Amino acid sequence: MVNQSTEDYIKGIYKLGQHGKPVSTSELAKHLSVGDGSVTDMMKKLSTKMLIQYTPYKGVLLTGSGKKLALRMVRRHRLWEMFLVKYLGYRWDEIHGEAEQLEHVTSDELDRRLDRLLGYPKFDPHGDPIPDRDGEIKNDEQTALTEFESGDAVTIVRVTDDPDVLQHAAELGLQLKTRILVKQIMKFDGSLKVKVGRRERFISRELGDAIFGKLS
């Protein structure tokens, strides 16, 4: 049996260490809003359970079992986000906290039925990939808006799962599958002028770094 605290820690390590680098206890403490001492104690427990490889002062990595657990939690979280948007009318910036609660009480059978009800989605409402039941996850090539060039026609495929980012993006008409034209990139601050439909919008560099697309 795995408790909620273990699931939160393992998912946190996965999120912070997706590029293969060890995660420091201070990074994890900040991410989970807990004290450094609490993190150190938990690292010892998770090491005993063979879910992580922990080296003091060097950081922590997930084992194969730890990664499997993390991807199971990520899958359930993103399935619930899809359900909340599709069936309960939640906005995409309202669903994270609800899904955080629901992922911990989802059985294997509920996981299967939820997936079937939703039509076996590959991506969540923000464009993040949903791992399959075997823990396989497909990461498509995508580029932040700030990396495109003037004249590029771009289709938005993912927006960072942050409520402030999601709200602002929606206000500007920047949703998934929205096609935009990059009109100009400002040299002095990296902001962008883009055309969305018939309207021109200005996007800050910070927002541009949080929205990802592909050439149309």
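May I ask for the angle, rounded to the nearest 10°, between helix 4-16 and the longest principal axis of the chain, with both axes built from Cα atoms and the value confined to 0 to 90°?
Value to nearest ten degrees: 50.
By how many nm would the segment from SER26 to LEU215 grow when fully extended, if each residue of separation counts as 0.36 nm and the alpha-carbon distance is taken off? Walk me through the numbers before you get to the answer.
Numbers: separation 189, 0.36 × 189 = 68.04 nm, distance 3.79 nm.
Length gained between SER26 and LEU215: 64.3 nm.
Relative to the first principal axis of the alpha-carbon coordinates of the chain, what is the inclination of helix 64-88, with its axis defined by its Cα atoms, in degrees from 0 to 90 and to the nearest 10?
Around 50 degrees separate the two axes.
Distance in nm between label sites at LYS15 and LYS195, each 7 Å beyond Cα in the beta-carbon direction?
3.8 nm
In degrees between 0 and 90, to the nearest 10, how far off the longest principal axis of the chain does helix 36-48 point, with axes built from Cα atoms?
With both axes taken from Cα atoms, the answer is about 60 degrees.
Please report, in debye to the nearest 20, how large the charge dipole of the range 121-203 is about its Cα centre when each Lys and Arg carries +1 at its beta carbon and each Asp and Glu carries -1 there. Walk me through the intermediate numbers first.
On the way: 13 positive and 16 negative charges, 136 e Å.
The dipole magnitude comes to about 660 debye.
For LYS187 and ARG91, what is the calculated FRET efficiency with R₀ set at 30 Å and r taken between the beta-carbons, to the nearest 0.05? Walk me through the numbers before you get to the answer.
Working: r = 35 Å, r/R0 = 1.16.
Taking R0 as 30 Å, the efficiency between LYS187 and ARG91 is 0.30.
Which Cα, out of LEU117, LEU46, THR6, lies furthest along the positive dipole direction of the chain (beta carbon charges, K/R +1, D/E -1)?
Of the options given, the answer is LEU117.
In deg cm²/dmol and to the nearest 500, what is the mean residue ellipticity at 222 nm of the chain if only DSSP H runs of at least 4 residues count, each as -39500 (n - 2.57), divided by the residue total? Display every interim value, and only then the final one.
Details: 8 runs with 90 residues, N = 216.
That calculation yields -12500 deg cm²/dmol at 222 nm.
Find which of ILE185, LEU207, ALA153 sits farthest along the positive direction of the dipole of the range 143-215, computed with +1 on the beta-carbon of Lys and Arg, -1 on that of Asp and Glu, about the Cα centre.
ALA153
Rounded to the nearest 0.05, what FRET efficiency do GLU149 and SER204 give with R0 = 22 Å and r taken as the Cβ-Cβ distance? Could you check? All intermediate terms of the calculation are to be shown ahead of the outcome.
Values: r = 18 Å, r/R0 = 0.82.
The calculated FRET efficiency here is 0.75.
Could you size up the charge dipole of the range 28-148 around its Cα centre, putting +1 on the beta carbon of Lys and Arg and -1 on that of Asp and Glu, and report it in debye to the nearest 20?
On the way: 19 positive and 20 negative charges, 103 e Å.
Computed about the Cα centre, the dipole is about 500 debye.
Return the lysines within reach of LYS45: Cα separation strictly under 25 angstrom, same-chain partners fewer than 8 residues apart disregarded; answer none if there are no such residues.
Leaving aside lysines fewer than 8 places away in the same chain, those within reach of LYS45 are LYS11, LYS15, LYS21, LYS30, LYS58, LYS67, LYS68.
With a 10 Å radius around each residue's Cβ, average the other Cβ atoms per peptide and rank 70-80, 182-192, 3-13, 131-141, highest first.
Working: 70-80: 23.0, 182-192: 14.5, 3-13: 18.9, 131-141: 11.6.
Those peptides, ordered most packed to least, come out 70-80, 3-13, 182-192, 131-141.
Read the figures in this text as sums done on the coordinates, not as results from a lab. As the structure is a computational prediction, the values presented were derived from the model and not from experiment. FYI the Cβ positions are ideal-geometry reconstructions off the backbone, even for glycines, and counts take in every protein chain you see.
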